[in-house]
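To start, the structure itself, in structure tokens.
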Amino acid sequence: MKLNQRTTKLHRFADRYVGVPLIFLPSLYKAKREKPSDIKRICIVKTSGIGDTVLVSPVVKDLFDFYPEANITFIAGDKNFMASRFLLSSYEERIEFEFVDYKDFNTISALRDFDEFDLLIDFGQWPRFDAFVSMIIKSKFRIGFKRARQYRHYSYDMSVEHRSDRHELNNFRSLVECLGVYCLHSPLVDNFTNNWPGSFDETICVHICASGSTAEYRMWSPEKWTELCLLIEGLGYNVVLTGTSAEKEYLETIASYAGIGNDNILLDMPFDYLARIYRDCKAVVSIDTGIAHFAAASGAKLIEILGPTNPDRWGALGEDVTYVLPNRVDCMLDLGFERHADKEAIKRVTVQQVLQHIEIDLESL
């Protein structure tokens, strides 16, 4: 399978070795500013990651509560634009969404045309692109992460330490807590379609594909997925595979091995439909990916298969989430792109481990 890469090696090289000077040099002539006393216009920057966007969304809701008269502009990229619109749709009268693409200079230059914001918060953890976007948008005060060896914090008026010893949701919360904001919201989907005609009462949804530079570290083998799907069907449940059109060929291969009809492969589902499916089905089985975070926030009974992923750092958050872990992990992912992570860890998770949790969870229903 050709893995879905969010960025190429060239993009990552440019992000670091071109992005750092672009951010650092202007900061030599920039004076630190005080936070405005009256905040009415807020800009949020988060240009990638469905999972990250799920975790950012409750923090944006906390901002709405703390600044009841403020409006927010959310700057998103091609991988999370639709997710951010869906997750924050209940605030549609107070929020607007703008698109930026690192491959399209016109979308970047258009950011300079925005009226000045009172406050800008950059939720990017390591990409210099998000920091550069934040720098060129006019704002009276900027907040963002400071992370060792990432060199992206120079344009901020206030920097917040990005830490490895807490869940990423709490890192995101720290960006607004420094303003005095109380963070009370948790990831939660509260917008479900009423038009979905199907019934998923006797269905277990399976999400088998990951994206990003370390996708291979987090993906289970086709043989194990096939075996698991056959065993789930043996329990008397339908199996539905979810994914994107880019994953179609791979999903069809797994489906053919497991005797699953192509009608049970759901591709590119709108987020409101996908949330309803995940909420209504018996359980969702997923590897570490943004969709796992989305399923958990939708209220799904989620069983998340983790390889070199520490659940205390990156695990999906919800009322009914079970983590299935290998017997050992030599080196965990931290920021999510570490090449030295234990790529064999996911292989040490057995089919019986996952099936055991499915059987236990279904018996408790």
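No lab work stands behind these numbers, since they all come straight from the coordinates. Keep in mind it's a predicted model, so treat the numbers as computed, not measured. Cβ: placed from backbone, ideal geometry, glycine included. Neighbour counts: every protein chain shown.
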Open item on the list: Need one number: nm distance between label points at Met82 and Glu98, each 7 Å from Cα along Cα→Cβ, rounded to one decimal.
Closed with: 2.3 nm
Open item on the list: Report, in listed order, any pair from Lys40/Lys301; Lys32/Lys79; Lys35/Lys103; Lys248/Lys301; Lys224/Lys301; Lys61/Lys103 with a Cα-Cα distance greater than 27 Å.
Closed with: Lys40/Lys301; Lys32/Lys79; Lys35/Lys103; Lys61/Lys103
TODO: Would you please report the Å³ per residue occupied by the convex hull of the alpha carbon atoms in the stretch 203-363?
DONE: 104 Å³
Task: P(r) histogram, all alpha-carbon pairs of the stretch 134-237 included - 5 Å bins from 0, percent - done: 2, 8, 11, 11, 12, 12, 13, 10, 9, 8, 3, 1, 0
TODO: Please list, in chain and number order, the residues 5+ apart from Val206 or on another chain whose amide H is under 5 Å from its amide H, with Hs placed from the backbone.
DONE: Val240, Leu241, Thr242, Val285
Task: Signed unit charges on C-beta, dipole axis of the chain, positive-most listed residue Ala210, Val56, Pro36 - done: Pro36
- [ ] Would you please state which residues of the stretch 132-152 a label at Asn71 would reach in this model, taking the label point 7 Å out along Cα→Cβ and a backbone N cut-off of under 20 Å?
- [x] 137-141
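Determine how many Å³ per residue the convex hull of the Cα atoms of the chain encloses. Spell out each step's value before the answer.
Values: hull volume 50.2 nm³, N = 365.
About 137 Å³ per residue, rounded to a whole number.
After finding the eigenvalues of the alpha carbon gyration tensor for the stretch 9-177, what semi-axes result from the square roots of 5 times each, listed largest first in whole Å? Spell out each step's value before the answer.
Numbers: eigenvalues 97, 66, 58 Å².
The three semi-axes for the stretch 9-177 are 22, 18, 17 Å.
Can you compute the helix-only [θ] at 222 nm over the chain? Use -39500 (n - 2.57) per DSSP H run of at least 4 residues, normalise by all residues, nearest 500 deg cm²/dmol. Spell out each step's value before the answer.
Details: 14 runs with 129 residues, N = 365.
After summing the helix terms and dividing by the residues of the chain, the value is -10000 deg cm²/dmol.
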- [ ] Select from Ala258, Val181, Ile108 the residue farthest towards the positive end of the dipole of the chain; place +1 on Cβ of Lys and Arg, -1 on Cβ of Asp and Glu, and compute about the Cα centre.
- [x] Ile108
Task: For the stretch 295-312, 3J(HN,Hα) per residue [Karplus equation, 6.51 cos²θ - 1.76 cosθ + 1.60, θ = phi - 60°, Hz, x = Gly/Pro] - done: 4, 4, 5, 7, x, 6, 7, 9, 10, 9, 8, 10, x, x, 10, 7, x, 6
Task: Size of electric dipole in the chain: Cβ of Lys, Arg +1 and of Asp, Glu -1, about Cα centre, debye, nearest 20 - done: 1700 debye
- [ ] Measure off 7 Å from each Cα along the Cα-to-Cβ vector at Leu179 and Lys347, then give the distance between these two points in nanometres to one decimal.
- [x] 4.7 nm
- [ ] Round to the nearest 0.05 the FRET efficiency obtained for Asp268 and Ser90 when R0 = 22 Å and r is the Cβ-Cβ distance.
- [x] 0.40
- [ ] Hey, can you grab everything whose amide H is under 5 Å from the amide H of Lys146? Only 5+ residues off in sequence or another chain; H modelled, so Pro and N-termini drop out.
- [x] Val160, Glu161, His162
TODO: Provide the per-residue ³J(HN,Hα) series for the stretch 90-96, in order, calculated from phi with Karplus coefficients 6.51, -1.76, 1.60 and θ = phi - 60°, each as a whole number of Hz, with x at glycine and proline positions.
DONE: 6, 10, 4, 6, 10, 9, 10
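Quote to one decimal, in nm, the extra length available between Thr193 and Glu216 on full extension: 0.36 nm per residue of separation minus the C-alpha distance between them. List each step's numbers first, then the result.
Numbers: separation 23, 0.36 × 23 = 8.28 nm, distance 3.33 nm.
Result: 5.0 nm gained on full extension.
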